[in-house]
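This report refers to the structure that appears directly beneath it.
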Amino acid sequence: MHALVERILNGDRRAVARAISYIEDNHPEKTEILQDLFPHTGGAFLLGITGSPGAGKSSFVDKLIGYLRKQGLTIGIVAVDPTSPFTGGAILGDRIRMQDHFLDEGVFIRSMGTRGSLGGLARATKEAVRVLDAYGKDIVIIETVGVGQSELDIMNIADSTAVVLNPGGGDTVQAFKAGIMEIADLFILNKADLAGTDKLFREVEQMLDLVKHDSPWRPPVVKTITTQGMGIDEAWQAFLDHKSYLQESKEWERRRASHLREEVSEIVEHAVHQLIVKRLRSEEYKDMMEGVSRRDIDPYEVAHQLLQQLVKEK
């Protein structure tokens with residue numbers, strides 16, 4: 001077993017931080033660490049929190065953490081933020097979110113940049129969640145950057161996903177057109193003290209009547225006011241109800257198995273992509289790539305030759 005893995009399993013907080021850094025930096029020992037951690041995962045309840053920017057996702061998560069800690073549950077948070085175009089790091093670091101929980105040993109917070117991931121979820125997010133799972137956290141929360149349709153990626157990691165909306169969030173119907181309705185196991189109507197909350201509630205319920213009328217699970221709609229701590233207990237109960245539904249219907253096992261199969265595909269795709277990029281930057285393809293730049297040869301021909309070469313090598 002990798003020494004870092006032993007430290008993680010023994011509750012070493014610094015080892016967890018280092019392992020996630022190895023994952024983000026694609027360290028040579030990353031795969032060995034993840035392989036050693038894998039048998040110790042699967043125990044955490046994975047919550048996805050998504051929604052449009054400004055909906056109040058972070059404030060909701062902050063209050064939810066406080067509520068869960070009072071119940072004695074340990075929490076891991078992976079907050080996926082937009083990536084700085086200059087440093088490659090998360091623009092919104094964990095220094096400015098969830099400040100009340102920094103010194104709590106029962107809470108581990110990590111901000112990660114999307115690093116160009118179209119889904120708003122960094123490729124390393126799943127692996128960071130796995131580290132926190134093996135670390136022994138009861139609940140792991142994945143809060144994603146709100147970028148619309150690409151948030152569908154969260155379906156491939158969370159057990160239960162909550163979509164946070166608020167009355168000032170614009171045209172709700174447009175959000176539903178983007179596919180948000182399909183991924184939600186729970187709707188959080190945040191800032192419920194604002195005008196328009198009842199109208200938004202009716203819109204969501206009407207959409208559920210259309211989209212989920214024959215579904216075995218109808219996503220509940222919970223009103224919250226995070227500044228007052230209102231509705232947090234109801235939201236958590238909705239998560240627990242969904243978990244019970246998943247387990248009783250056997251959807252829990254099916255969903256997690258589907259996530260793992262999808263991850264195998266992602267790992268292979270990433271490895272092949274890295275191999276192709278490395279090959280195209282090699283001296284072997286230097287002249288050919290310059291030929292593409294001069295338009296002496298088309299990019300399709302180069303791609304065809306590269307694929308043919310890779311197939312022959314395998």
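The values are calculated or read from the model by the stated rules, or taken from the named source; none is laboratory data. Since the structure is predicted, the reported quantities are computational estimates derived from the model, not experimental observations. Cβ sites come from the backbone with ideal geometry, for glycine too, and all protein chains shown count toward neighbours. Surface areas here come from the heavy atoms of the whole protein model, side chains and all, with no ligands, DNA or RNA. Shrake-Rupley method; radii C 1.70, N 1.55, O 1.52, S 1.80 Å.
Worth pointing out:
- The number of residues in region 99-128 that are within 18 Å of A271 (Cα to Cα), modelled with pLDDT of 80 or more and among the polar types (S, T, N, Q) comes to 1.
- Selection of first residues in region 15-41 that are among the aromatic types (F, W, Y) and of second residues that are open to solvent by 40 Å² or more (accessible area, probe 1.4 Å) and part of a helix (DSSP H, G or I), restricted to Cβ pairs under 8 Å at least 6 apart or on distinct chains, gives the following pairs, ordered by first then second residue: F38/R130.
- S249 vs. criteria small (G, A, S) and open to solvent by 90 Å² or more (accessible area, probe 1.4 Å): no
- When residues of region 38-54 are limited to those that are farther than 15 Å from K137 by Cα and hydroxyl-bearing (S, T, Y), the one surrounded by the fewest Cβ atoms within 10 Å (Cβ to Cβ): S52
- Screening D296 with (1) part of a helix (DSSP H, G or I); (2) more than 30 Å from K191 (Cβ to Cβ) gives one miss only, at (1).
- Scanning region 10-31 for residues that are open to solvent by 60 Å² or more (accessible area, probe 1.4 Å) and part of a helix (DSSP H, G or I) yields R13, R14, R18, T31.
- Taking the listed residues V140, V131, the one that is modelled with pLDDT of 90 or more, closer than 23 Å to A271 by Cβ and surrounded by 24 or more Cβ atoms within 10 Å (Cβ to Cβ) is V131, with no other qualifying.
- Qualifying residue in region 283-292 (condition: over 21 Å from T125 (Cβ atoms), open to solvent by less than 60 Å² (accessible area, probe 1.4 Å) and either in contact (Cβ under 8 Å) with a residue 12 or more places away in the chain or touching a Phe, Trp or Tyr at 6+ places or on another chain (Cβ under 9 Å) (or both)): yes
- Within region 213-236, being within 13 Å of L68 (Cα to Cα) and open to solvent by 90 Å² or more (accessible area, probe 1.4 Å) holds for one residue alone: E234.
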